[in-house]
C-alpha cells in the first residue's frame, strides 16, 4: 500500500490497486476533486468513495485543508472528511503538539468534557472532538475525530 501511494504521489501512476484494512480499493487521480484523487473501495458488488487527503509538513495551512479541522504546522497530516478526522503523523514534539491543539480548541470555544490517560474530549455547539496521542510501530501519532450533532428528527 505504501509503495502504491509513493508511486501515485510522485506522479509515476494515476491508478493504483491497493489492499486496505477494510478491503481492496483503487487510488485514482481525479482532477475534479480538490484533493486531486479519490479512493474507491471495491468488493462484494459495492463501491463507495472515501475523501482522504494527505498533506505534507508545511508551515501554514495548505489550500484545500478543511477549515474546521485543526492544523499542526510542520507535521504530515492525513485528513478524512467523511468521518471528520485528522491524523498528525510523527510530530517533532508529540506532547507539546497535543497541548497546542487542546489550547487552540479551548481558545476556539471548545469545552472539555473529560480526559483520559491518552486523550481528551471536548464539546462545542453539540459537536464533540476527541484527541488522542498514540504510538504506532514506534511512530507518534495525534488523532482527532469530530462527531457532529445529529439533525433534529433523526
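Tell me which residues, restricted to region 63-81, are closer than 20 Å to residue 124 by Cβ and touching a helix residue (DSSP H, G or I) at 6+ places or on another chain (Cβ under 8 Å).
70, 72 - these are the residues of region 63-81 that are closer than 20 Å to residue 124 by Cβ and touching a helix residue (DSSP H, G or I) at 6+ places or on another chain (Cβ under 8 Å).
In region 42-62, how many residues are surrounded by 14 or more Cβ atoms within 10 Å (Cβ to Cβ) and at pLDDT below 70? Reasoning before the result, please.
Of the residues in region 42-62, the ones surrounded by 14 or more Cβ atoms within 10 Å (Cβ to Cβ) are 49-55, 57-58, 61.
Subset that is at pLDDT below 70: 49-51.
The number of residues fulfilling the criteria is 3.
For residue 120, state whether it is surrounded by 12 or more Cβ atoms within 10 Å (Cβ to Cβ), in a strand (DSSP E or B) and more than 14 Å from the chain's Cα centre (by Cα).
Criteria met by residue 120.
Going by the structure shown, is residue 98 under 20 Å from residue 54 (Cα atoms) and loosely packed, with under 12 Cβ neighbours inside 10 Å? Working first, answer last.
Details: under 20 Å from residue 54 (Cα atoms): yes; loosely packed, with under 12 Cβ neighbours inside 10 Å: no.
It is false that residue 98 is under 20 Å from residue 54 (Cα atoms) and loosely packed, with under 12 Cβ neighbours inside 10 Å.
Looking at region 109-117, is at least one residue surrounded by 13 or more Cβ atoms within 10 Å (Cβ to Cβ) and either within 18 Å of the chain's Cα centre (by Cα) or part of a helix (DSSP H, G or I) (or both)?
The answer is no; no qualifying residue exists.
Within region 73-98, work out how many residues are assigned to a loop (DSSP other than H, G, I, E, B) and at negative phi.
Residues of region 73-98 assigned to a loop (DSSP other than H, G, I, E, B): 73-75, 81-84, 90-93.
With the extra rule that they be at negative phi, the set shrinks to 73, 75, 81-83, 91-93.
Number satisfying all stated conditions: 8.
I need the full set of residues from region 73-86 which are crowded, with 19+ Cβ neighbours inside 10 Å and under 14 Å from residue 130 (Cα atoms), in order please.
Listed by number, the list holds a single entry, 86.
Could you tell me which of the residues 76, 29 is under 12 Å from the mean Cα position of the chain (by Cα) and at pLDDT 75 or above?
76
Are any of the residues in region 84-105 in contact with a strand residue (DSSP E or B) (Cβ under 7 Å, 6 or more places away or on another chain), modelled with pLDDT of 80 or more, in the same structural domain as residue 136 (by TED's automatic domain parsing) and over 14 Å from residue 142 (Cα atoms)?
yes
The values are calculated or read from the model by the stated rules, or taken from the named source; none is laboratory data. Not measured: the values here are computed from a predicted model. Positions of Cβ are generated from backbone atoms using ideal geometry, with glycine treated the same way; all protein chains shown enter the neighbour counts.
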